[in-house]
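Undergrad: Quick one: the structure is below, and I'll ask about it shortly.
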Amino acid sequence: MPKVSMTVNGKPVTGNIEERTLLVQFLRENLRLTGTHVGCDTSQCGACVVHVNGIAMKSCTLLALQMEGASITTIEGIAPSPTELHPMQEAFRENHGLQCGYCTPGMIMSALDIVRRKGHDLDEHTIREELDGNICRCTGYHNIVKAVAAGARAMAK
Amino acid sequence: MYSFSYFRPTTARQAANLLAKHPDAKLLAGGHSLIPVMKQRLAQPSALIDLNACEDLAGIELKGRSIVIGALTRHADVANSQVVKDALPGLAMVPGAIGDPQVRNRGTIGGSIANNDPNADYPAACLGLGATIVTNKRRIAADDFFTGMFSTALEENEIITKVMFPIAKKAAYEKFKHPASGFALVGVFVSKRGSDIRVAVTGAGSNGVFRVKSFEEALKKRFSPKSIEGMTIPASGMNSDIHASAEYRAHLVGVLARRALAKATA
Ligand SMILES: Cc1cc2nc3c(=O)[nH]c(=O)nc-3n(C[C@H](O)[C@H](O)[C@H](O)COP(=O)(O)OP(=O)(O)OC[C@H]3O[C@@H](n4cnc5c(N)ncnc54)[C@H](O)[C@@H]3O)c2cc1C
Ligand code: FES
Ligand code: FES
């Protein structure tokens with residue numbers, strides 16, 4: 001089986017994997033980083049979003065082998081310490097931006113990408129447009145939108 | 001997914017050699033059409049030849065009176081390109097309307113054009129601007145490139161290397177998104193470059209992207225929504241499915257063409 005090496009949440013990792021292994025499978029099954037979820041098989045739900053070299057992508061639609069040399073950040077890699085939350089995670093908690101939580105890791109990774117591209121002052125319309133690739137079956141989105149706005153502001157501090 | 005072997009060439013030439021060596025191999029660009037299809041086991045390539053390390057395939061350049069875009073250039077990079085926004089803003093509207101942000105971060109122009117999904121956006125821009133598709137073997141005019149649903153003039157072992165868009169004085173794209181998939185239920189690209197007037201439609205035709213000659217003719221006098229006021233196209237030849245009837249799609253072609261013209265002439 002071919003070998004792949006990449007950096008995940010700052011740590012170098014390697015694995016011998018089948019060619020058809022998806023990045024999300026590699027993260028969940030080889031590295032046991034199960035915070036990245038799979039919610040669909042059509043690349044539409046966004047539960048699997050991670051950052052590849054700082055850019056949000058759907059890890060269910062990338063092969064792990066394609067990530068040779070890349071730097072990956074997952075939901076497990078964003079908090080400043082094991083006892084603290086990232087400001088965007090804190091904003092989701094504070095604003096009741098989740099119910100079952102299945103979509104939440106993808107929502108947060110996408111939210112961080114919105115901040116990267118659009119800055120810290122986000123209006124509701126922008127947030128709704130930019131969350132186009134993330135589906136939530138529980139919340140009705142309203143509190144997610146509030147959480148993203150609050151998280152983006154908190155990140156500026 | 002069925003199993004396959006995997007190669008990661010670093011130049012387009014290496015990719016072409018690998019493609020020639022492996023029967024039933026497929027090129028992998030953004031993978032945002034190919035991987036979902038492979039997951040459903042609707043495609044079974046023997047090998048994937050990953051273009052993502054071929055740096056010679058990516059980039060955006062202003063060359064004379066054209067914008068030249070490398071096949072591997074991501075949708076987000078074209079949508080946000082200052083070069084494109086300054087010289088041909090109508091073109092930037094097209095990748096900006098594709099999918100969602102994550103899809104735009106990964107999907108490529110070459111993959112979209114090679115795939116020629118009947119509801120994809122880029123084919124409308126290529127046909128609507130009279131682009132030239134450059135491959136490792138030849139140059140193909142957009143008018144000859146898109147040959148039907150999911151089919152193109154590309155031969156086996158042919159790789160799109162870049163797409164050349166002539167700069168039109170006026171151009172715009174208007175899309176009616178399918179609310180769930182985000183693909184174009186109907187999308188219309190209009191442009192005017194000297195006496196070359198084009199109206200290209202995606203999403204509607206049962207044979208893929210096409211031009212509306214009757215609209216183009218009417219726009220020769222004046223490139224304005226008024227010139228095609230009340231005009232429609234026949235519903236025969238339009239797609240009909242659970243999302244929309246042929247009549248509705250034909251109606252949308254007129255409506256969206258007028259909106260695109262309003263945008264292009266604003
Ligand atoms: C959730 C979702 C929503 C989407 N919404 C839209 C939308 O609204 N509008 C839209 O237009 N598209 C949409 N897409 C499709 C998206 O734009 C794809 O990225 C695009 O169609 C294919 O590009 P790719 O680079 O991902 O190609 P791939 O999937 O890698 O390849 C597609 C095909 O092209 C071939 N190919 C790739 N590169 C080349 C090349 N250089 N030369 C020759 N052949 C090549 C491959 O072998 C394959 O057969 C969506 C996709 C997803 C997952
Ligand atoms: S699991 Fe990746 S988009 Fe749904
Ligand atoms: S909180 Fe349950 S899917 Fe979003």
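What follows draws every value from the coordinates through simple rules; no lab data is involved. Values in this document were obtained by computation on a predicted structure and should not be read as measured data. So basically every Cβ, Gly included, is an ideal-geometry build from the backbone, and we count neighbours across all protein chains shown.
Undergrad: Step by step: find N for the range B:66-206, compute 2.2 N^0.38 Å, then divide the Cα radius of gyration by it. What's the final number? Numbers along the way, then the final one.
TA: Values: Rg = 13.6 Å, N = 141, 2.2 N^0.38 = 14.4 Å.
Here the answer is 0.95, to two decimals.
Undergrad: Give me a comma-separated list of calculated 3J(HN,Hα) values for the range A:125-130, in order, Karplus coefficients 6.51, -1.76, 1.60 applied at θ = phi - 60°, integers in Hz, x for any Gly or Pro.
TA: In residue order, the calculated couplings are 4, 4, 4, 4, 4, 6 Hz.
Undergrad: I'd like the Kirkwood hydrodynamic radius of the range B:170-264, using the inverse of the mean 1/r over distinct C-alpha pairs, in Å.
TA: Values: mean 1/r = 0.0763 Å⁻¹.
Kirkwood hydrodynamic radius for the range B:170-264: 13.1 Å.
Undergrad: Against the globular-protein guess of 2.2 N^0.38 Å, express the Cα radius of gyration of the range B:16-79 as a ratio, rounded to two decimals.
TA: Relative to the 2.2 N^0.38 Å estimate, the range B:16-79 comes out at 1.34.
Undergrad: Now, a different point. Of B:K192/B:K221; B:K192/B:K226; A:K146/B:K175; B:K85/B:K169; B:K170/B:K263; B:K169/B:K263, which sit over 19 Å apart, Cα to Cα?
TA: In this structure, A:K146/B:K175 lie more than 19 Å apart at Cα.
Undergrad: Another question, if that's okay. Starting at 0 and stepping by 5 Å, how many percent of the alpha carbon pairs of chain B end up in each bin?
TA: Spelled out bin by bin, chain B gives 1, 6, 13, 18, 19, 17, 12, 8, 4, 2, 1, 0 percent.
Undergrad: Cα gyration tensor of the range A:15-157, axes a ≥ b ≥ c as square roots of the eigenvalues: rounded (a/c below 1.5), prolate (a/b > b/c) or oblate?
TA: Prolate.
Undergrad: What is the local net charge at B:F146, summed over the other residues whose Cβ is closer than 14 Å to its Cβ (Lys, Arg +1; Asp, Glu -1)?
TA: -2
Undergrad: Just the ratio, please: alpha-carbon radius of gyration of the range A:3-76 over 2.2 N^0.38 Å, N its number of residues.
TA: Cα-based Rg divided by the globular estimate yields 0.96.
Undergrad: Go through the range B:104-163 and name the GluC sites (Glu not before Pro) that are in a DSSP coil and have 13 or fewer other Cβ atoms within 10 Å of their Cβ.
TA: On the way: sites: B:E155, B:E156, B:E158; in loops: B:E155, B:E156, B:E158.
Filter output for the range B:104-163: B:E155, B:E156.
Undergrad: Now for a separate question. At q = 0.12, 0.13 Å⁻¹, work out log10 I(q)/I(0) for the protein assembly as shown with the Debye formula, treating every Cα as an identical point scatterer and leaving solvent out; two decimals please.
TA: So the normalised log intensities work out to -1.02, -1.17.
Undergrad: What does the charge count near A:P2 come to, summing +1 for each Lys or Arg and -1 for each Asp or Glu among other residues with Cβ under 9 Å from its Cβ?
TA: -1
Undergrad: Whole-Hz ³J(HN,Hα) for each residue in the range A:147-157, computed from phi via Karplus 6.51 cos²θ - 1.76 cosθ + 1.60 with θ = phi - 60°, x for glycine and proline: what do you get?
TA: Here the 3J(HN,Hα) series is 5, 5, 4, 5, x, 4, 5, 5, 5, 6, 6 Hz.
Undergrad: Something else about it: Looking at chain B as a GNM with Cα springs under 10 Å, which of B:A168, B:A92, B:A180 has the largest mean-square fluctuation?
TA: B:A180
Undergrad: Of B:A43, B:A171, B:A131, which is the most mobile in a GNM of chain B whose springs link Cα atoms less than 10 angstrom apart?
TA: B:A43
Undergrad: For B:K137, give me every one of the aspartates and glutamates with a C-alpha distance below 13 angstrom, ignoring sequence neighbours fewer than eight places off in its own chain.
TA: B:E155, B:E156, B:E158
Undergrad: Rounded to the nearest 500, what is the protein assembly as shown's calculated 222 nm mean residue ellipticity when only DSSP H runs of at least 4 contribute -39500 (n - 2.57) each, over all residues?
TA: After summing the helix terms and dividing by the residues of the protein assembly as shown, the value is -8500 deg cm²/dmol.
Undergrad: Return the average number of partner chain Cβ atoms within 10 angstrom of each residue Cβ along peptide B:48-59.
TA: Averaged over the peptide's residues, the number is 1.
Undergrad: Let's see if you can work this out: charge +1 on each Lys and Arg Cβ, -1 on each Asp and Glu Cβ, no other charges. What is the dipole magnitude of the protein assembly as shown about its Cα centre, in debye to the nearest 20?
TA: Rounded to the nearest 20 debye, it is 1000 debye.
Undergrad: Moving on. Which FRET efficiency value, to the nearest 0.05, do you get for A:E84 and B:E55 by plugging their Cβ-Cβ distance into 1/(1 + (r/R0)^6) with R0 = 60 Å?
TA: 0.95
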